[in-house]
Each structure stands twice: as C-alpha cells, then as structure tokens.
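The values are calculated or read from the model by the stated rules, or taken from the named source; none is laboratory data. No experiment lies behind these values; they were computed from the predicted model shown. Don't worry about glycine lacking a Cβ; one is built from the backbone with ideal geometry, like all the others, and counts go over all protein chains shown. The accessibility values were calculated without ligands, DNA or RNA, using every heavy atom of the protein model including side chains. Shrake-Rupley method; radii C 1.70, N 1.55, O 1.52, S 1.80 Å.
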Amino acid sequence: MQEQHRELIEWIRSHPDGFVSDKLEIRVADPNNPASGSGMFVNGPIKEGELLYSLPWDLLIKADDAPADGYLRKEMSCGLVRSLLRELRLGDESTFVPYLKYFQSFDESGLVENW
C-alpha cells in the first residue's frame, strides 16, 4: 500500500465515526502494471452484512450551494467543483488533506475529463 493510501485510511479511522476494515486495502488492480488504476480490494473472506467501511458526512467534500463570485461563479456552475477547488487552494490547511493527496496521486490520463 502506498503512503497516500495509508494516510487516507488513517484519516478516516481518526474520525470517531470513521471505519475501515482491516480486510480492505487500496492498491493498483494489477501489481505488475502500475498504470492499471487503483481501487479498494478485499484481502480476506467477508460475511454477509459485515461492515467494510463507513465514511462520516463531515469527511465528504460536499457541493457548495453558496453563491460564488468572480471567476468561480462564471466558469464553475457546479457547487461540488467549487468546493473541491477551494479545498485544493487551501493546500495543507484543508481539512481534507489526506483525501486531496490521494486524489492528486492519480495519473491525469485516467481522469474523466481526459477520456
């Protein structure tokens, strides 16, 4: 597991209502091909109804419904995109640093906008 994956899982677990099962791991789909894309995989048997992860509402970047001004209002009509941009601009001051590091680790060719 890469460092940004460990940090993301630790960040979720650090929240009182956050949970990630030890049976989950984040890794590339094909260990022999780093470009195969990463995902969440189960590394052991699971029982029906077993909780694998729980993300509290406060760990989600949510759409900003507040009116934006200037460039963001004109160019970014989607509130979720505006919220994400705000968090990215905050850098290490953002509450979502572990998620942003994970998000920024993606190869840009895999992002929907580049398909």
| Any idea how many residues of region 104-115 are open to solvent by 60 Å² or more (accessible area, probe 1.4 Å) and either assigned to a helix (DSSP H, G or I) or modelled with pLDDT of 60 or more (or both)? | 8
| query | When you scan region 1-102 for helices (runs of 4 or more DSSP H) that lie fully inside it, which ones turn up with 2 or more residues that are modelled with pLDDT of 90 or more, surrounded by fewer than 11 Cβ atoms within 10 Å (Cβ to Cβ) and among the hydroxyl-bearing types (Ser, Thr, Tyr)? | reply | none
